[in-house]
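What follows is a single structure, written as structure tokens, with notes after it.
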Amino acid sequence: MARHLFAILDDLIANLAELKAALAPLALIGGQGRVRGQKARLSATSREGVASAARGPVSANRRAAMRVEGQYMSAIRSLSAAQRAQVKKLRAPKGAEAAIALARKLRR
């Protein structure tokens, strides 16, 4: 039974590949190499390889900035919209540390 099911799936996949190949010229008529809304698909292994290679190492300054950003986001999460606006207004001139302190103060 399982082999029969896999044979059917293999036939469907082959038919789908043939259909895509037959319809490819129609996609090129519009002047686009790819059909709109369709993204390039990568296998799981190649996707992981590309992401890690493209990202590269994180510097100490960037890591510190990401940590402060995380603290800021967690500090404003529980605030109301008006309080968030107040914290955002303070963050622009004074910085994230001052905004975090104000958000923690407002949370109490």
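Values as computed for the structure displayed
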quantity	calculated
Failed item in (1) surrounded by 11 or more Cβ atoms within 10 Å (Cβ to Cβ); (2) modelled with pLDDT of 90 or more; (3) among the hydrophobic types (A, V, I, L, M, F, W, C), with Val35 passing the rest	(2)
Arg47 vs. criteria in contact with a helix residue (DSSP H, G or I) (Cβ under 9 Å, 6 or more places away or on another chain), modelled with pLDDT under 80 and charged (D, E, K, R)	no
Qualifying residue in the range 7-21 (condition: assigned to a helix (DSSP H, G or I), at pLDDT below 80 and within 29 Å of the chain's Cα centre (by Cα))	no
So Val58, is it of a type in the set (Val, Ile, Thr) and in a helix (DSSP H, G or I)	no
Near pairs, Cβ below 6 angstrom, 6+ apart or cross-chain, from the range 15-30 (surrounded by 10 or more Cβ atoms within 10 Å (Cβ to Cβ)) to any residue that is not aromatic (Phe, Trp, Tyr)	Ala27/Val35
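The values are calculated or read from the model by the stated rules, or taken from the named source; none is laboratory data. On a predicted model such as this, the values are computed, not experimentally measured, just so you know. Positions of Cβ are generated from backbone atoms using ideal geometry, with glycine treated the same way; all protein chains shown enter the neighbour counts.
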